[in-house]
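Colleague: My questions all concern the structure below.
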Amino acid sequence: MDLRLLEVSPTGAERAAVDGLLGPPASGWDGGERRTGATGNVARGGHRARARRDQLLPVLLAVQERVGWISPGALNYACQRLTVPPADAYGVASFYALLSLEPRPSRVVHVCDDLACRCSGSGALIAELEDRLGPEGAVAEDGGTASAWFRSPCLGQCDRAPAALLTIAGDEPEEHVLAPARGALPGLEGAAVDPVARVPQQGEPGLRLLRRVGRVDPRSLDDYRAHGGYAALRRACELGPEGVIRELVESKLLGRGGAAFPTGRKWDAVARQPARPHYLVCNADESEPGTFKDRVIMEGDPFALVEAMTIAAYATGCAHGYIYLRGEYPQARGLLEHAIAEARRRGYLGEDIVGHGFAFDLEIRRGAGAYICGEETAIFNSIEGFRGEPRNKPPFPVDEGLFGKPTVVNNVETLVNVLDIVLEGGSAYAQIGTDASTGTKLFCVSGHVERPGVYEVPFGSTLGEMLSLAGGVRGGRSLQAVLLGGAAGGFVRPDELDLPLSFEGARAASVTLGSGVVLAFDDTVDLPRMLMRIAAFFRDESCGQCVPCRVGTVRQEEALARLLGGRGRGDELALIAEVGRCMRDASICGLGQTASGAIESAIGRLGVFAGKG
Amino acid sequence: MGEMQHLTARRMVDLEIDGEPVRVLEGSTILDACRGLGIDTPTLCYGETLRPANVCRVCVVELEGARVLAPACSRKVEPGMKVRTDSERVRHSRKLVLELLSSSVDLSTTPAAAGYLERYGAEPERHGPPAPADPGRDRRRAGHHEEPDGQTAATAASPIKIDNELYVRDYSKCILCYKCVDVCGEQHQNTFAIAVAGRGFDARISTEYVAPLPESACVYCGNCIAVCPTGALMFTSEHELRAEGVWDEARQERTDTICPYCGVGCNLTLHVQDNRIVKVTSPDDHDITRGNLCVKGRFGVQHVNARGR
Ligand SMILES: Cc1cc2nc3c(=O)[nH]c(=O)nc-3n(C[C@H](O)[C@H](O)[C@H](O)COP(=O)(O)O)c2cc1C
Ligand code: SF4
Ligand code: SF4
Ligand code: SF4
Ligand code: FES
Ligand code: FES
């Protein structure tokens, strides 16, 4: 491929950001000098440079962080270094909400205006920002620093709503989560979040996945070991790869990322694949509105994830693993990076893991603001340096996944379950929960409850019990509805609180547990407005590949807008149902297939808009 | 020899389409099998010379036992598959896909569109009057949009791009089939002048930073024009004749010839109207070119006569 580059050069800071990640350029064509002339800038990239295509997103993020936006000069330089055509790279960069292709001020506040934060004052926060910085996206001088603010979908901090993410570009880029962000604004930089992950049930007996959260020092491998860490890896090595998979199959563990696929079957399929290498991907993209459980594990017990991934790699024959972490989780990133480095230093990752003769290493890949990248094949495209568009299935990831190789993709919570399964055996694990949904489940309880947070309960507890654990409806008000499973889930009524929270219980009631979201709305909530927010979310987050979802999400939002504005044409409800059916049946991936679920459930189950349309 | 043949011979697969038993080569798609039976399947993003992008979803069929519909153009046949191509479920999704497209994109120069819309009873008007062109569409940010009031139906409409002498780009007509990007990129041309940019409804075909074509990597091979199913990419000659209201395919003569410019010997089909070459194509089924040409073959002959105008 002849690469035609632009006639623009990077600034010193841009070059430094790219070289900081890729190392200094080695030869003329990859960035030392450029040949110019009649043919324009033509660089001939070798195989080696092209093989680094997967560094494209990390490089773009590095530039964004350092400079605040991605200029033509910076993009061009990245393209030159990686042998990626500029149009192609532009297509990738423009896919991600956290990357800007137009100048942005160095200080940017991303304010969550999603469901849970709307229950806890995000409206007032946005009003305050408008007051201080002007309308969304406008550049304002604020205390001597050029600043702007943008609305953001759920930031995964719903238990500390309202949330904001503050980014400050520069040679030493800063990222701070402000949660709760109320009143935090006058000092902007000052108000970072509590560095210690806390869960409401902390210290209670019976906790399994949350056992160590808030009790163990997340920065200390020794403390992790003192709390039982790395016993499971030892046990796994005694069991051998097949033994681990046998226990996993017996445990009947189902994936916690939303699709509830049997983990043992997935691992077995990859372990049996003759093609090499195998890859392991931990899905830590956690962007389903209302979901924050994976963050709490990663911040409170990061070594547990590293150990669990090591066991997964051992069982399925993966030499390399990735944690695909959503871009808005700076704290989790810092702690995981530290945990990985510590584990490597102490021989828990690397060539000959604690003398057991197997090799495994792992790295973090950051997302850049795209919910769709949590879809199990979009995540591969994103890691490989392409637009995060889902792939058509089949082929399935166990056959052709990351870089076209057999790949295990699992959610953070799924993986952490493996530790206890290995330690106590699959059949003992299967005693917990219900017959079909074994083990415990993390629920992300937020909205109008007294004590929002992550709660761990055995499968089969009821929705009512869940809400009671969280102290019931805030201020003793009455419950209007619960959003179960997230924006991709559905609503249930206050008279359905005896719903058993298990996969089969949810299925029987035609709802889904999804990623474990339990978002409570009290009687003051304007539900139609919440539906508009959900519709806007899917419209924004659709990758745009397929017609049903790309246009269907827009038509759905428009029909809702007419109903909300009282200017309907009388056919809105039918239209929503018909578009919804096409999205469910004909979309490529789960995003389009579930995008109308919550809205249709609010109409059908709650009777929102009854008598209209 | 016999053994070789045995190893490479593909097996036959038996399946059932609309109740009829069919036997096709392993590796065939459901679309291939449907064609064998004479079942007419609508397609928009499918291209004979490209790998299926399977994004438009107008070709979806129902598979017994499957949760969702499958794209006929890319799904491979499997033994025992039971396919329905005209069930109520299939008709519903095809109808809605056509409605959604037609309400958001100008399909007036998509030859197949009118027939499909009629066949499936699509009613694009019910989604509202189309919103006007947005000059800012190319710069929309991923993950943000203005809240609609629902009184108009959002469209892909944006100002037409006329930035070179050879062809125009009217993305108001673009259904985002990915064909131009695939043909310009790794599947044929290896130029990578264009890509899909943006996300969701704001996704669009773009050069880097929306650069005009003359500043981009484009080499004017015109292969993207050849694969574009909608007329979003159009020869300037055709665009101008259409604007004058005198474009008339019925009056056009097609002459097959060999490109005079180099030794490769690509087949050219000259489309001539009123003694003017108005368009140059190349047959899809040609072994070497597979519908593709270079700038000389595609535009050279035309240019000669344009200068003579
Ligand atoms: C639009 C979309 C977003 C998703 N986001 C996530 C996510 O952030 N984290 C996750 O674990 N799974 C997510 N999933 C589910 C994954 O596709 C996949 O099923 C899961 O990672 C498999 O892991 P598990 O078997 O451990 O659940 C998403 C699915 C879709 C369709
Ligand atoms: S369903 Fe939506 S998100 Fe999924 S591939 Fe289609 S357009 Fe993309
Ligand atoms: S004319 Fe050729 S090089 Fe230019 S965009 Fe089209 S396919 Fe690419
Ligand atoms: S311009 Fe034409 S070929 Fe390209 S995506 Fe649009 S409709 Fe398809
Ligand atoms: S952080 Fe605001 S809704 Fe989740
Ligand atoms: S023709 Fe099959 S999806 Fe477009």
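Colleague: Regarding A:Gly607, is this residue among the small types (Gly, Ala, Ser) and at positive phi? First the steps, then the outcome.
Modeller: Values: among the small types (Gly, Ala, Ser): yes; at positive phi: yes.
For A:Gly607, the condition - among the small types (Gly, Ala, Ser) and at positive phi - is met.
Colleague: I'm checking my understanding of the structure. Among residues of the range B:125-143 that are not charged (D, E, K, R) and not in a loop (DSSP other than H, G, I, E, B), which one is nearest to the other protein chains (Cβ to nearest Cβ)?
Modeller: So the residue we want is B:His127.
Colleague: Any residue in the range B:144-173 that is within 14 Å of chain A (Cβ to nearest Cβ) and farther than 23 Å from A:Val579 by Cβ sitting within a Cβ distance under 8 Å of a residue that is part of a loop (DSSP other than H, G, I, E, B) and among the aromatic types (Phe, Trp, Tyr)? List the pairs, counting only those 6 or more apart or interchain.
Modeller: none
Colleague: In addition: Those residues that are assigned to a loop (DSSP other than H, G, I, E, B) and either touching a Gly at 6+ places or on another chain (Cβ under 9 Å) or over 30 Å from A:Val554 (Cα atoms) (or both), I need them from the range B:194-213; list them, please.
Modeller: Once the filter is applied, which keeps residues that are assigned to a loop (DSSP other than H, G, I, E, B) and either touching a Gly at 6+ places or on another chain (Cβ under 9 Å) or over 30 Å from A:Val554 (Cα atoms) (or both), the range B:194-213 yields B:Ile194, B:Gly198, B:Arg199, B:Ala203.
Colleague: Can I ask one more? Could you tell me whether any residue of the range B:109-124 is more than 11 Å from chain A (Cβ to nearest Cβ), modelled with pLDDT under 95 and either under 22 Å from the mean Cα position of the chain (by Cα) or within 16 Å of ligand 2 (Cβ to nearest atom) (or both)?
Modeller: yes
Colleague: Let me ask something additional. Within the range A:425-460, can you find the residues that are under 23 Å from A:Ala231 (Cβ atoms), part of a strand (DSSP E or B) and either more than 23 Å from the chain's Cα centre (by Cα) or modelled with pLDDT under 95 (or both)?
Modeller: Listed by number, the residues that qualify are A:Gly433, A:Thr438, A:Pro458.
Colleague: Additional query: If you check B:Ser74 against the conditions, is it buried (at least 24 other Cβ atoms within 10 Å of the Cβ) and in contact (Cβ under 8 Å) with a residue 12 or more places away in the chain?
Modeller: No: the conditions fail for B:Ser74.
Colleague: Filter the range A:341-361 for residues that are among the aliphatic types (A, V, I, L, M) and surrounded by fewer than 23 Cβ atoms within 10 Å (Cβ to Cβ); which is farthest from ligand 2 (Cβ to nearest atom)?
Modeller: Checking each candidate, the answer is A:Val354.
Colleague: Same structure again: Within the range A:284-321, which residues are touching an Asp or Glu at 6+ places or on another chain (Cβ under 7 Å) and either buried (at least 24 other Cβ atoms within 10 Å of the Cβ) or within 20 Å of A:Val213 (Cβ to Cβ) (or both)?
Modeller: A:Ala284, A:Glu286, A:Pro289, A:Phe292, A:Lys293, A:Asp294, A:Arg295, A:Ile297
Colleague: Then there is this: So which helices (runs of 4 or more DSSP H) are wholly in the range A:66-136 and hold at least 3 residues that are farther than 28 Å from A:Val177 by Cα?
Modeller: A:72-82, A:86-93
Colleague: Scanning for something within 29 Å of A:Leu233 (Cβ to Cβ), away from ligand 4 (no atom under 16 Å from the Cβ), out of contact with any Asp or Glu (no Cβ under 6 Å at 6 or more places or on another chain) and away from chain B (no Cβ under 14 Å), does the range A:384-396 turn up at least one residue?
Modeller: Scanning the range A:384-396, I find no residue that is within 29 Å of A:Leu233 (Cβ to Cβ), away from ligand 4 (no atom under 16 Å from the Cβ), out of contact with any Asp or Glu (no Cβ under 6 Å at 6 or more places or on another chain) and away from chain B (no Cβ under 14 Å), so the answer is no.
Colleague: Exactly one of these conditions fails for A:Val213: (1) buried (at least 19 other Cβ atoms within 10 Å of the Cβ); (2) within 26 Å of A:Gly516 (Cα to Cα); (3) over 24 Å from the mean Cα position of the chain (by Cα); (4) not charged (D, E, K, R). Give me its number.
Modeller: A:Val213 satisfies all of (1) buried (at least 19 other Cβ atoms within 10 Å of the Cβ); (2) within 26 Å of A:Gly516 (Cα to Cα); (3) over 24 Å from the mean Cα position of the chain (by Cα); (4) not charged (D, E, K, R) except (3).
Colleague: Spot the failing condition for A:Asp114; the list is (1) at positive phi; (2) within 14 Å of chain B (Cβ to nearest Cβ), and only one is missed.
Modeller: Unmet condition: (1).
Colleague: Give all pairs with beta carbons closer than 6 Å in which a residue from the range A:593-605 that is more than 14 Å from every other protein chain (Cβ to nearest Cβ) meets a residue that is more than 16 Å from ligand 5 (Cβ to nearest atom) and part of a helix (DSSP H, G or I); count only pairs at least 6 apart in sequence or on separate chains.
Modeller: Pairs that qualify, where the first residue is more than 14 Å from every other protein chain (Cβ to nearest Cβ) and the partner is more than 16 Å from ligand 5 (Cβ to nearest atom) and part of a helix (DSSP H, G or I), are A:Glu600/A:Gly580.
Colleague: Looking at the range A:555-564, is at least one residue more than 10 Å from chain B (Cβ to nearest Cβ), surrounded by fewer than 24 Cβ atoms within 10 Å (Cβ to Cβ) and in a helix (DSSP H, G or I)?
Modeller: no
Colleague: Something else now. For the range A:167-177, how many residues meet the condition of being over 24 Å from A:Val199 (Cα atoms) and among the aliphatic types (A, V, I, L, M)?
Modeller: The number of residues fulfilling the criteria is 2.
Colleague: Ok, one more. Restricting attention to the range B:185-209, and to residues there that are hydrophobic (A, V, I, L, M, F, W, C) and facing chain A (nearest Cβ under 7 Å), which single residue is surrounded by the most Cβ atoms within 10 Å (Cβ to Cβ)?
Modeller: The selected residue is B:Ala197.
Colleague: Condition first: closer than 26 Å to A:Arg474 by Cα and modelled with pLDDT under 95. Now tell me which residues in the range A:127-153 satisfy that.
Modeller: The answer is A:Ala127, A:Glu128.
Colleague: Residue under question is A:Ala506, and the condition is that it be assigned to a loop (DSSP other than H, G, I, E, B) and within 20 Å of A:Gly597 (Cα to Cα); does it hold?
Modeller: In short, no.
Colleague: Which of the residues spanning the range B:86-101 are more than 7 Å from chain A (Cβ to nearest Cβ), in a helix (DSSP H, G or I) and surrounded by fewer than 24 Cβ atoms within 10 Å (Cβ to Cβ)?
Modeller: If the condition is that a residue be more than 7 Å from chain A (Cβ to nearest Cβ), in a helix (DSSP H, G or I) and surrounded by fewer than 24 Cβ atoms within 10 Å (Cβ to Cβ), then B:Glu88, B:Val90, B:Arg91, B:Lys95 are the ones that fit.
Colleague: Mind counting the residues in the range A:565-587 that are within 16 Å of ligand 6 (Cβ to nearest atom) and facing another protein chain (nearest Cβ under 7 Å)?
Modeller: Total meeting the criteria: 3.
Colleague: Quick one: B:Val68 ticks every box in (1) in contact with an Asp or Glu (Cβ under 6 Å, 6 or more places away or on another chain); (2) within 16 Å of ligand 4 (Cβ to nearest atom); (3) of a type outside the set (Lys, Arg) except a single one, so which number is it?
Modeller: Status for B:Val68: all satisfied but (2).
Colleague: Does the range B:9-19 include one or more residues that are part of a helix (DSSP H, G or I) and free of Cβ contacts under 8 Å to residues at least 12 places away in the same chain?
Modeller: Within the range B:9-19, not a single residue is part of a helix (DSSP H, G or I) and free of Cβ contacts under 8 Å to residues at least 12 places away in the same chain.
Colleague: Scanning the range B:219-244 for residues that are more than 19 Å from the chain's Cα centre (by Cα) and within 17 Å of B:Ile160 (Cβ to Cβ), which turns out nearest to ligand 2 (Cβ to nearest atom)?
Modeller: B:Arg242
Colleague: Could you please find all residues in the range B:214-238 being in a helix (DSSP H, G or I) and surrounded by 20 or more Cβ atoms within 10 Å (Cβ to Cβ)?
Modeller: Passing the criteria: B:Asn223, B:Cys224, B:Ile225, B:Ala226, B:Val227, B:Ser237, B:Glu238.
Colleague: Kindly evaluate A:Gly156 against the criterion of being part of a helix (DSSP H, G or I) and either within 14 Å of chain B (Cβ to nearest Cβ) or at pLDDT 95 or above (or both).
Modeller: no
Colleague: I would also like to ask the following. Taking only the range A:345-364 into account, find how many residues are assigned to a helix (DSSP H, G or I) and under 16 Å from A:Met309 (Cβ atoms).
Modeller: Result for the range A:345-364: 2.
Colleague: Can you tell which of B:Val24, B:Val83, B:Val77, B:Val61 is within 11 Å of chain A (Cβ to nearest Cβ) and either away from ligand 5 (no atom under 16 Å from the Cβ) or within 30 Å of B:Pro283 (Cβ to Cβ) (or both)?
Modeller: After applying the criteria, what remains is B:Val61.
Colleague: Now for a different question. On the basis of being among the charged types (D, E, K, R) and not in a loop (DSSP other than H, G, I, E, B), does A:Glu376 make the cut?
Modeller: Criteria not met by A:Glu376.
The values are calculated or read from the model by the stated rules, or taken from the named source; none is laboratory data. Just so you know, these numbers come straight off a predicted model, no measurement behind them. We place every Cβ from the backbone using ideal geometry, glycine too, and count neighbours over all the protein chains shown.
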